[in-house]
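Below is one structure, written out as structure tokens, with a few remarks after it.
The values are calculated or read from the model by the stated rules, or taken from the named source; none is laboratory data. Since the model is a prediction, treat every value here as computed from it, not as a measurement. Neighbour counts are summed over all protein chains in view; Cβ atoms, including those assigned to glycine, are modelled from backbone coordinates with ideal geometry. We work out accessible area using only protein heavy atoms, side chains counted, and drop any ligands, DNA or RNA first. Shrake-Rupley method; radii C 1.70, N 1.55, O 1.52, S 1.80 Å.
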There are 2 protein chains.
Amino acid sequence: MSLVLDAAAQDLLFREARTANTFSDEPVTDEQVQAIYDLVKYGPTAFNQSPLRVTLVRSPEARERLVQHMAEGNRPKTATAPLVAILSTDNEFHEELPQLLPHAPGIKDAYFAQRPVREQAAALNGSLQAAYFIIGVRAAGLAAGPMTGVDFAGLQKEFLDDDHTPLMVVNIGRPGEDAWFPRSPRLSYDEVVTTV
Amino acid sequence: MSLVLDAAAQDLLFREARTANTFSDEPVTDEQVQAIYDLVKYGPTAFNQSPLRVTLVRSPEARERLVQHMAEGNRPKTATAPLVAILSTDNEFHEELPQLLPHAPGIKDAYFAQRPVREQAAALNGSLQAAYFIIGVRAAGLAAGPMTGVDFAGLQKEFLDDDHTPLMVVNIGRPGEDAWFPRSPRLSYDEVVTTV
């Protein structure tokens, strides 16, 4: 056995975890989201830049506004999930860098003075953090339903400001009835990994 | 306790795991990489598009060519890590979609006929898979050292073709002496999460 992680954890995070399309009525609490964040915040980003931001859509009014910006096929699940989170990047993340990287305070100005550079770094590192967040939702025993079938321009105008770029919307909760299709196949090791 | 994942797994994957800057001499085997891939391949991507590709740099000659394209500060660790992997996206991932998404064979042409659309989707979903890969390296009891301080244009010419876009280079192995700085602070929950 080449993995150290125990089999139950492998199942919980990867092997048995699935993207849910339906959810039970059980609420997802702020305490659960806080526990998820307090675990996955340790996932690595370049220069610890930590650009991910999370908007929890809790009010019925905000949920209704969000559903309007989802692709047709994503609307029913986004309307009924116990909790929906908008994941975005903060393109002004460099303002926090002196706090986040105390041993190298010069990085902020040396590398991240230009907005396009920050946007590119935030897109990559925010996506890494989005994946850590999905893993964290699963670590809480919940199912995540990440979606990119979204009118992102409309979503941004409705919920974010010009300094933030939306990455995805994630439904969160316990799976409901017929929550998923059968697992789709994956590429084999030899299709993905080459050696030079 | 709001998390289901056991505390040892939390430590292994997030709380005690660190980005290593030095490594021991212990080799990383193909069996370990296969076990990592066979776990993290189940991480979700949009339409199961699975665009991540992994190039293991094993020969001394290839390692030397790779080191030339690393930023100065990344060269010593890239030269001495037991294994180095180049993570990239396959922008022609749509060719595998009929195999990967058997219940919706029309997605390939309906959504992914245009190369710029594929590049954008592959950048996001490949980055999610890069994060799953980093988690998988940790699940094998190894330290990952992901790096974006790379001459990506030079790296691409040297190791990839026009259909692949490099994402990052990852050093892999057991941590050596003085493998890391003290853990840098993270943003608090209230700095990252807002509710509407």
I need every pair where a residue in segment A:65-91 that is more than 26 Å from A:Ala121 (Cα to Cα) has its Cβ under 8 Å from the Cβ of a residue that is of a type in the set (Lys, Arg) and part of a helix (DSSP H, G or I), sequence separation at least 6 or different chains. A:Val67/A:Arg75; A:Thr78/A:Arg63; A:Ala79/A:Arg63
Among the residues in segment A:125-135, are any open to solvent by 50 Å² or more (accessible area, probe 1.4 Å) and modelled with pLDDT of 95 or more? no
Taking segment B:9-18, which residues are part of a loop (DSSP other than H, G, I, E, B) and open to solvent by 20 Å² or more (accessible area, probe 1.4 Å)? B:Glu16, B:Arg18
Please give the strands (runs of 3 or more DSSP E) falling wholly within segment B:102-196 in which 1 or more residues are in contact (Cβ under 8 Å) with a residue 40 or more places away in the chain. B:143-147, B:164-173
Please go through (1) open to solvent by 70 Å² or more (accessible area, probe 1.4 Å); (2) modelled with pLDDT of 95 or more for A:Leu160 and return the number of the only condition it doesn't satisfy. (1)
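Out of everything in segment A:170-196 that is within 26 Å of A:Ala71 (Cβ to Cβ) and within 10 Å of another protein chain (Cβ to nearest Cβ), what residue ends up being surrounded by the fewest Cβ atoms within 10 Å (Cβ to Cβ)?
Top of the filtered list is A:Pro182.
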Got a sec? Which of B:Ala139, B:Ala121 is of a type in the set (A, V, I, L, M), modelled with pLDDT of 95 or more and within 14 Å of the chain's Cα centre (by Cα)? B:Ala139
One residue from A:Glu64, A:Glu26 being assigned to a helix (DSSP H, G or I) and under 21 Å from A:Ile172 (Cβ atoms): A:Glu64
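Per-residue answers, yes or no, for (1) open to solvent by 60 Å² or more (accessible area, probe 1.4 Å); (2) out of contact with any Cys (no Cβ under 9 Å at 6 or more places or on another chain); (3) more than 8 Å from chain A (Cβ to nearest Cβ):
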| site | (1), (2), (3) |
| --- | --- |
| B:Ala7 | yes, yes, yes |
| B:Ala20 | no, yes, yes |
| B:Val28 | no, yes, yes |
| B:Lys41 | no, yes, no |
| B:Pro44 | no, yes, no |
| B:Thr55 | no, yes, no |
| B:Pro60 | yes, yes, yes |
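With the structure loaded, tell me whether A:Asn74 is open to solvent by less than 20 Å² (accessible area, probe 1.4 Å) and either over 21 Å from A:Ala131 (Cα atoms) or not charged (D, E, K, R) (or both) or whether it fails that test. Walk me through how you get there before you give the answer.
Numbers: open to solvent by less than 20 Å² (accessible area, probe 1.4 Å): no; either over 21 Å from A:Ala131 (Cα atoms) or not charged (D, E, K, R) (or both): yes.
When the stated conditions are applied, A:Asn74 does not pass them.
Does any residue of segment B:10-17 turn out to be in contact with a strand residue (DSSP E or B) (Cβ under 9 Å, 6 or more places away or on another chain) and either more than 7 Å from chain A (Cβ to nearest Cβ) or at pLDDT below 95 (or both)?
yes
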Residue check: is B:Thr55 assigned to a strand (DSSP E or B) and in contact with a Phe, Trp or Tyr (Cβ under 8 Å, 6 or more places away or on another chain)? yes
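Among the residues of segment B:86-101, write down those that are touching a Phe, Trp or Tyr at 6+ places or on another chain (Cβ under 9 Å) and part of a helix (DSSP H, G or I).
Of everything in segment B:86-101, those that are touching a Phe, Trp or Tyr at 6+ places or on another chain (Cβ under 9 Å) and part of a helix (DSSP H, G or I) turn out to be B:Phe93, B:His94, B:Leu97, B:Leu100.
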